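The values are calculated or read from the model by the stated rules, or taken from the named source; none is laboratory data. Just so it is clear, the model here is predicted, and its values are computed rather than measured. Positions of Cβ are generated from backbone atoms using ideal geometry, with glycine treated the same way; all protein chains shown enter the neighbour counts. Side chains included, ligands, DNA and RNA excluded: accessible areas come from the protein's heavy atoms. Shrake-Rupley method; radii C 1.70, N 1.55, O 1.52, S 1.80 Å.
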Amino acid sequence: MSRVTTRQIRNWREQERKLVMVTCYDATFARLVDQSAVDAILIGDSLGMVIQGHEHTLPVTLDEVIYHCRAVARGSSKAHLVGDLPFGTYQGSEDEALANAARLMKEGGVQAVKLEGGLQYAELVARMTRAGIPVMGHLGLTPQSVHQFGGYRIQGRTLNAAERLKQDAHALQEAGAYAVVLEGIPATLAAEVTEGLEIPTIGIGAGGACSGQVLVLYDLLGLDERFNPKFLKKYVNLNDAVVGALNEYADEVREGSFPSLAHSHH
Ligand code: KIV
């Protein structure tokens, strides 16, 4: 089966069909995502937090994202795959950024790249698009700017900030971006941005009016009991399910009921 394409994603916007995206970082979960009704997988630099245990996404390298992209590509065959360009891989020269994006596609096996920022990267996005590299933008609470923001704070709350964000979204669209993630902004602003654009918006902590939604897979599966932001809905509590299963295993080993005859070779 062929993968969901950028063209389908643009068409769905016109047809008002919501795009559903999750992050994913390995082949086992990619196989599960592919069995579900989810359309797209972002191999996000959030892997720095949920896989590597860092406090933010900044330490993640291009080689690490490529490694996880390859695992996800091997585990799935139908989801649209987007690889995140990590901090420092596109903020320098455009030539270097193009080479890094091309590596992500060639070696990672993804169909598109994502980068954080708007107007300041419009020319870069245009160059990537001309080079055959589909670009997904990312605006609002862009995690790579956590230190500039002074923490994970909702963006676009003032009139000026909201206006700047709208300009950024339009600059990305004009430059050729095929979709844009809106993260951590008021729902009313996300609705206005979505209304004003032709390309789809994909929200996370940006209300229900976006053309689609994205969540970090481990968050929606409830794998971390400590992480409970307002925007997050946990669809299952795997934190407790996993700890429960491990405790049951430990109890059975200690009391001698595992392995039983049924789990032994004869
Ligand atoms: O890295 C990531 O997972 C992301 C999403 C939260 C949009 O950028």
Just list whichever of LYS106/LYS166; LYS78/LYS106; LYS78/LYS166; LYS18/LYS114; LYS78/LYS114; LYS106/LYS234 have alpha carbons separated by over 25 Å in the model shown.
-> LYS106/LYS166; LYS78/LYS166; LYS106/LYS234
Between rounded, prolate and oblate, where does the chain land on the alpha carbon gyration tensor, with a ≥ b ≥ c its root eigenvalues, rounded for a/c under 1.5, else prolate if a/b exceeds b/c?
-> prolate
Mind running the shape call on the stretch 147-266? Use the C-alpha gyration tensor, a ≥ b ≥ c as the square roots of the eigenvalues: rounded below 1.5 for a/c, prolate if a/b tops b/c, oblate otherwise.
-> prolate
Could you state the accessible area per residue of the stretch 6-235 in Å², with a 1.4 Å probe and every protein chain left in place?
-> 45 Å²
Neighbour count of at most 12 Cβ within 10 Å plus DSSP loop: longest GluC sites (Glu not before Pro)-free window in the chain = 56-197
Do me a favour and compute the ellipsoid semi-axes for the stretch 225-266 from its Cα gyration tensor, root of five times each eigenvalue, largest one first, whole Å.
-> 35, 11, 5
What's the center-to-center distance, using Cα atoms, between the stretch 79-137 and the stretch 227-242 in Å?
-> 31 Å
Would you list which aspartates and glutamates come within 17 Å of LYS233, measuring only between C-alpha atoms, while excluding same-chain residues fewer than 8 positions from it?
-> GLU183, ASP219, ASP224, GLU225
Principal-axis tilt of helix 238-255 within the chain, Cα atoms, nearest 10 degrees = 20 degrees
Heavy-atom accessible area of the chain with neighbours in place, 1.4 angstrom probe: carbon+sulfur share in percent works out to 53 percent
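Once you sort the root eigenvalues of the Cα gyration tensor of the stretch 1-131 as a ≥ b ≥ c, which label holds: rounded (a/c under 1.5), prolate (a/b larger than b/c) or oblate (the other case)?
Oblate, since a/c reaches 1.5 and b/c is not below a/b.
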Most mobile of ARG74, ARG226, ARG103 in a GNM of the chain (Cα contacts under 10 Å) | ARG226
Solvent exposure ordering (accessible area, 1.4 Å, most first) of PHE149, PHE231 | PHE231, PHE149
Sequence-distant residues sharing a close amide H with HIS80 (under 5 Å, placed H) = VAL4, ALA40, ILE41
Compute the acute angle (0 to 90°) between the alpha-carbon long axis of helix 159-175 and the principal axis of greatest extent of the alpha-carbon atoms of the chain; round to the nearest 10°.
-> 90 degrees
Quick one: angle between helix 94-108 and the longest Cα principal axis of the chain, in degrees between 0 and 90, rounded to 10, please.
-> 30 degrees
Mean-position separation - Cα centroids, the stretch 174-223 and the stretch 1-66, in angstrom | 14 Å
